[in-house]
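Asks: Got a structure for you, written out below as structure tokens; questions coming shortly.
The values are calculated or read from the model by the stated rules, or taken from the named source; none is laboratory data. As the structure is a computational prediction, the values presented were derived from the model and not from experiment. Heads up, the Cβs are rebuilt from the backbone with ideal geometry, glycines too, and the neighbour counts pull from every protein chain shown. These area figures cover heavy atoms from the full protein model, side chains too; ligands, DNA and RNA do not enter into them. Shrake-Rupley method; radii C 1.70, N 1.55, O 1.52, S 1.80 Å.
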Amino acid sequence: MKLIIAYIQPHKLQDVKKSLYDNEIFKMSVTNALGCGSQKGYHESYRGVDFEVNLLKKVRLEVAVNENFVDKTINAIIDGARTGQIGDGKIFVMDLPECIRIRTGDKGNDAIG
């Protein structure tokens, strides 16, 4: 089992969800996040005062999958999120040692579904 965490642009969320659904991946968690990377933010002026905005809005997407869905999930996220510009995001793949479905008590691959 793997936990796939992706940070993407907020406006690409619908495209990523559609791409995941097209690849039969329906279970995910989505969280609003702030972060910075290669973009390094931008400068803005408010009431004549310049300030740097270096924490940009991102969306954190988490998907727990069985081994046979890892590549499919990664490719679906890339297909939906890629614009070719700096700031498209990052994908992290982590081992998931255990998963338990609270309702039934199922564990492991059965719990992920």
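Asks: So, for the chain, what is the accessible surface per residue at a probe of 1.4 Å, expressed in square angstrom? Display every interim value, and only then the final one.
Replies: Working: 7650 Å² over 113 residues.
Result: 68 Å² per residue.
Asks: Continuing with the same structure: In terms of Cα to Cα distance under 18 Å, which aspartates and glutamates are near enough to K17, apart from those fewer than 8 places away along the same chain?
Replies: E62, D71, D79, D88
Asks: In debye, nearest 20: dipole of segment 1-71 around its Cα centre with unit charges on the Cβ of K, R (+) and D, E (-)? Let's see the in-between values first.
Replies: Values: 10 positive and 9 negative charges, 38 e Å.
In debye, rounded to 20, segment 1-71 gives about 180.
Asks: At a 1.4 Å probe, what is the % contribution of carbon and sulfur to the accessible area of the chain? Spell out each step's value before the answer.
Replies: Numbers: 3860 of 7650 Å².
Roughly 50 percent, rounded to a whole number.
Asks: Rounded to the nearest 0.05, what FRET efficiency is calculated for R60 and D22 with R0 set to 35 Å and r the Cβ-Cβ distance? Kindly include the intermediate steps, with their values, before the conclusion.
Replies: On the way: r = 21 Å, r/R0 = 0.61.
After rounding to 0.05, the efficiency reads 0.95.
Asks: How many lysine pairs in segment 27-111, separated by 8 or more positions in sequence or lying on different chains, have Cα atoms less than 19 Å apart?
Replies: Working: K27/K72; K27/K107; K40/K57; K40/K58; K40/K90; K57/K90; K58/K90; K72/K90.
Count of close lysine pairs: 8.
Asks: Still on this structure, please answer the following. Using only alpha carbon pairs under 8 Å that are at least six residues apart, calculate the relative contact order of the chain and give it in whole percent.
Replies: Details: 191 pairs, mean separation 47.5, N = 113.
Dividing the mean separation by the residue count of the chain yields 42 percent.
Asks: Spelling out what I want: for every residue of segment 16-25, take phi, set θ = phi - 60°, compute 6.51 cos²θ - 1.76 cosθ + 1.60 (Karplus), and round to whole Hz; glycine and proline get x.
Replies: The phi angles translate into 5, 4, 4, 5, 5, 4, 4, 9, 6, 10 Hz.
Asks: Among Q14, I91, G37, which residue has its Cα furthest toward the positive end of the charge dipole of the chain, with +1 on Lys/Arg Cβ and -1 on Asp/Glu Cβ?
Replies: Value: Q14.
Asks: Moving on to the next point. Which residues' amide hydrogens lie under 5 Å from the amide hydrogen of C36, considering only partners 5 or more residues apart or on another chain, with H built in the peptide plane?
Replies: It is L56, by chain and number.
Asks: While we're on this one: At 10 °C and 1.306 mPa s, grab the translational diffusion coefficient of the chain from Stokes-Einstein with a Kirkwood Rh over Cα pairs, rounded to a whole number in µm² per second. The partial results should precede the final answer.
Replies: Working: Rh = 15.5 Å.
The calculation lands on 102 µm²/s.
Asks: Per residue of segment 96-101, in order, report the coupling 6.51 cos²θ - 1.76 cosθ + 1.60 (Karplus, θ = phi - 60°) as ³J(HN,Hα) in whole Hz, putting x for Gly and Pro.
Replies: 10, x, 8, 9, 10, 7
Asks: Using the alpha carbons of segment 48-113, what is the convex hull volume per residue in cubic angstrom, as a whole number? All intermediate terms of the calculation are to be shown ahead of the outcome.
Replies: Numbers: hull volume 10.0 nm³, N = 66.
So the per-residue hull volume is 152 Å³.
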